[in-house]
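The block underneath contains the structure these notes are about, expressed in structure tokens.
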Amino acid sequence: MSTEFHTDAAVAAPALLHQAGCRCALHGRRLFTGALLAGGAAALTAPALAQDGLKGEVGRESRFTKLVSAEQIENAARQQYAQMLQEAASQRALGPDDHPQVRRLRAIAQRVIPYAETWNERAKQWKWEVNLIGSKQLNAFCMPGGKIAFYFGILKQLQLSDDEVAMIMGHEMAHALREHARERMGKGVATQVGAGVVSALLGLGNTGNQVLNMGSQLLTLKFSREDETEADLVGLDLAARSGYDPRSGVSLWNKMMEANKGAPPQFLSTHPSGPTRIKDIEAKLPKVLPLYEQAQRPPQRFSPPAA
């Protein structure tokens, strides 16, 4: 990996980097390399917290997820993520392991990830990765299977605190843990294609073409307003359990609204408006603040990039 990192690079295939996720960043959407965890994923263990937090605030798994294989979605995501990293590296726009913000993102993720399996048992099997992309976009995402990326722009322009980074990270992880991409694709299968493709996706036929199609869909997928609201709740819970202040969700969204002045009104958007999200976060704080108060605090704090 090159030690040079272009934080304003026009990366090859910019459409790939622009769309490689839900575009939710909170407007808008994907750390762990092999060197990140000295003891491997199994070394990450979450302290038990007595409170249920927001576990009872989200619905059951959508029945539409049954129409698409989780393994195929995760394999397709892994391929697309690897392609994105390769293209970023070719333009010297992939943050090196020793970059201060890469170390920061990975330290935060190392605290949050142990709580992921609380929301999805499959997370135990995921090979988590977090990387930093040298783009000015205000974006971050987590693809199915735990493939996370932050764009340098969102860290620099918004001057995010560690607590705010954890809120974004928890939100993006929530999309993967709640299998929103799988649900959206399942709905597409149910409404747009025939039973033959459904059979193939369920492993009853040749699935090669479907896997390729899934990969391309992951680059343009947009989540629903309901998905975004659910991700906000799960993200609050994950951040609080990890020792990051859930009240930072309010400051984060104030920064997002300031950065996205002139955005369309809520009824024209697939995402809840900033004021709505702040109101919802504030309403849930009484349930997650006890988790935060009980959680161990991060042993180290990091600074955002120089403004």
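The values are calculated or read from the model by the stated rules, or taken from the named source; none is laboratory data. As the structure is a prediction and not an experimental result, all values here were calculated from the model. Cβ sites come from the backbone with ideal geometry, for glycine too, and all protein chains shown count toward neighbours.
Looking at Ala109, is it crowded, with 24+ Cβ neighbours inside 10 Å, within 16 Å of Ala166 (Cα to Cα) and small (Gly, Ala, Ser)?
Values: crowded, with 24+ Cβ neighbours inside 10 Å: yes; within 16 Å of Ala166 (Cα to Cα): yes; small (Gly, Ala, Ser): yes.
The answer is yes for Ala109.
Within the stretch 122-137, the set of residues being surrounded by 21 or more Cβ atoms within 10 Å (Cβ to Cβ) and within 15 Å of the chain's Cα centre (by Cα) comprises Trp126, Trp128, Glu129, Val130, Asn131, Leu132, Ile133. Does the stretch 258-274 contain at least one residue that is of a type in the set (D, E, K, R), surrounded by fewer than 19 Cβ atoms within 10 Å (Cβ to Cβ) and either in a helix (DSSP H, G or I) or at pLDDT 90 or above (or both)? Within the stretch 258-274 (the criterion being of a type in the set (D, E, K, R), surrounded by fewer than 19 Cβ atoms within 10 Å (Cβ to Cβ) and either in a helix (DSSP H, G or I) or at pLDDT 90 or above (or both)), the answer is yes, since at least one residue qualifies.
Scan Arg60, Arg122, Arg104 and give me the residue that is basic (Lys, Arg), out of contact with any strand residue (DSSP E or B) (no Cβ under 8 Å at 6 or more places or on another chain) and at pLDDT 95 or above.
Details: Arg60 fails: at pLDDT 95 or above; Arg122 fails: at pLDDT 95 or above.
Going through Arg60, Arg122, Arg104 in turn, the sole match is Arg104.
On the basis of being within 20 Å of the chain's Cα centre (by Cα), closer than 18 Å to Pro144 by Cα and either modelled with pLDDT of 85 or more or outside any helix (DSSP H, G or I) (or both), does Ala46 make the cut? Criteria not met by Ala46. Taking the criterion of being crowded, with 24+ Cβ neighbours inside 10 Å and either among the hydrophobic types (A, V, I, L, M, F, W, C) or touching a Pro at 6+ places or on another chain (Cβ under 9 Å) (or both), the residues of the stretch 90-103 that qualify are Ala93, Leu94. In the stretch 289-307, the residue that is surrounded by the most Cβ atoms within 10 Å (Cβ to Cβ) out of those that are under 25 Å from Ile154 (Cα atoms) and touching a Leu at 6+ places or on another chain (Cβ under 8 Å) is Pro304.
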